[in-house]
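The values are calculated or read from the model by the stated rules, or taken from the named source; none is laboratory data. As the structure is a computational prediction, the values presented were derived from the model and not from experiment. Positions of Cβ are generated from backbone atoms using ideal geometry, with glycine treated the same way; all protein chains shown enter the neighbour counts. When the accessible area is computed, the model is the full protein with side chains, heavy atoms only, and any ligands, DNA or RNA have been set aside. Shrake-Rupley method; radii C 1.70, N 1.55, O 1.52, S 1.80 Å.
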Amino acid sequence: MYRIISVLYKDQKALVKRLTDLVELTEKEYEKIIRSAPSHSKETRGLFRGLGKGAVISYPEYLFLVSILSKPRDHFLKTFQMIDHDGNWVLTKDEFELVEQLFSKGVVDEDIENTTLKVHFFNLDGNGVITFDDFVHFLDNLQKECLEVEFNEYAKGNPSIPDSAFMELLLSRTILCEPEKDKYRNRVANRELTETDRGVSFCQYSQFMNLLNDIHDLEIALRMFQIAKKPVTPDEFQRAVRVCTGRPLDDKLIQLTFKIFDEDGDGNLGHEEFMKVMKDRIRNRGTVDVQIPPKSWKAFKKCVHERMMISSA
């Protein structure tokens, strides 16, 4: 009998929101699931939704995936270099399992020879490899899949969601109590509608959530206004976004951000509450019920640092 930890949806609120109880699988059931894993050489957008319960993912793999859900795209290179032990720009199963060992220390005592993710990356015989482009493609799809699950819960088949639903999505992964959330709900409900109040499309929602992956850079940029005692107007906020991401934020999202986080209605951003809510939101993306063990994450970051030092030497 195999005792397998499976990662499932919970009410379709996130791709990897929580761990289910251990699932008992027979040898035959396990082999059937493993052999059905798709290869990374095929287009696998919506991979986890397509597999549903027909997938096996280990707990260390779960921790690894959660750790990169809220990372900006330029961090993918650092992650890849950390895993690519011999520096040949392709990942092998052995190299990937070294990362699993980092995340499994003090958490699990046994390894699973094959999982859906390992077969997806390295084929059933374990002799396959993935390139950096394959790796980035997988992570891009993973992040997009999570956002689609979140967005579709509120869209209910429509191409856009109301401003109020966008706000609820932002607040849903925070630790704010209901009275605190009501403060933001009242702002959105009571402030005058404008011609841009046509709802938020998935493209716009995805753009905003990807901005949150660069939240620490944005915080530094906005902090400069605070130090200079200058208000953060919509134009200045847009400029800060451009500096941090190299791209402008959709005007609709700028307007909606101020609609939610302009505390007194003076046209300026409430910097501190905006950062508090957004950092809380991104910190809890994909990890509502289960947090990454501090020791595992510390080991992962240490390894990344060491690999970067080697690469720059």
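Under the condition of being acidic (Asp, Glu) and under 23 Å from residue 47 (Cβ atoms), which residue from region 147-168 is least open to solvent (accessible area, probe 1.4 Å)? Let's see the steps before the verdict.
Here is the first cut: in region 147-168, the residues acidic (Asp, Glu) are 148, 150, 153, 163, 168.
Keeping just the survivors that are under 23 Å from residue 47 (Cβ atoms) gives 148, 150, 153.
Numbers: 148: 22, 150: 5, 153: 53 Å².
The extreme case among them is 150.
Restricting region 248-284 to residues that are among the polar types (S, T, N, Q) and under 15 Å from residue 233 (Cα atoms), which is nearest to the chain's Cα centre (by Cα)? I'd like the intermediate steps shown before the answer.
Let us first name the residues in region 248-284 that are among the polar types (S, T, N, Q), namely 255, 257, 268, 284.
Okay, now just the ones that are also under 15 Å from residue 233 (Cα atoms), so 255, 257, 268.
Details: 255: 24, 257: 20, 268: 29 Å.
Among those residues, the one meeting the criterion is 257.
Please specify each residue of region 110-137 satisfying the condition of being farther than 12 Å from residue 93 by Cβ, open to solvent by 20 Å² or more (accessible area, probe 1.4 Å) and among the β-branched types (Val, Ile, Thr).
112, 131
What's the total number of residues in region 41-57 that are outside any helix (DSSP H, G or I) and among the aliphatic types (A, V, I, L, M)?
Step one: of region 41-57, the residues outside any helix (DSSP H, G or I) are 41-46, 52-57.
Still in the list and also among the aliphatic types (A, V, I, L, M): 55-57.
Going through region 41-57 one residue at a time, the tally reaches 3.
Could you tell me whether any residue of region 69-81 is modelled with pLDDT under 90, closer than 30 Å to residue 204 by Cα and out of contact with any helix residue (DSSP H, G or I) (no Cβ under 8 Å at 6 or more places or on another chain)?
yes
List the pairs whose first member sits in region 146-164 and is without any contact (Cβ under 8 Å) to a residue 60 or more places away in the chain, whose second member is open to solvent by less than 10 Å² (accessible area, probe 1.4 Å) and not in a helix (DSSP H, G or I), and whose Cβ atoms are under 9 Å apart, counting only residues at least 6 apart or on separate chains?
Between residues of region 146-164 that are without any contact (Cβ under 8 Å) to a residue 60 or more places away in the chain and residues that are open to solvent by less than 10 Å² (accessible area, probe 1.4 Å) and not in a helix (DSSP H, G or I), the close pairs are 151/161; 151/200; 154/161; 155/161; 160/200; 161/200; 162/200.
Could you list all residues from region 259-274 that are open to solvent by 10 Å² or more (accessible area, probe 1.4 Å), part of a helix (DSSP H, G or I) and either at pLDDT 95 or above or out of contact with any Ser or Thr (no Cβ under 9 Å at 6 or more places or on another chain) (or both)?
271, 272, 273
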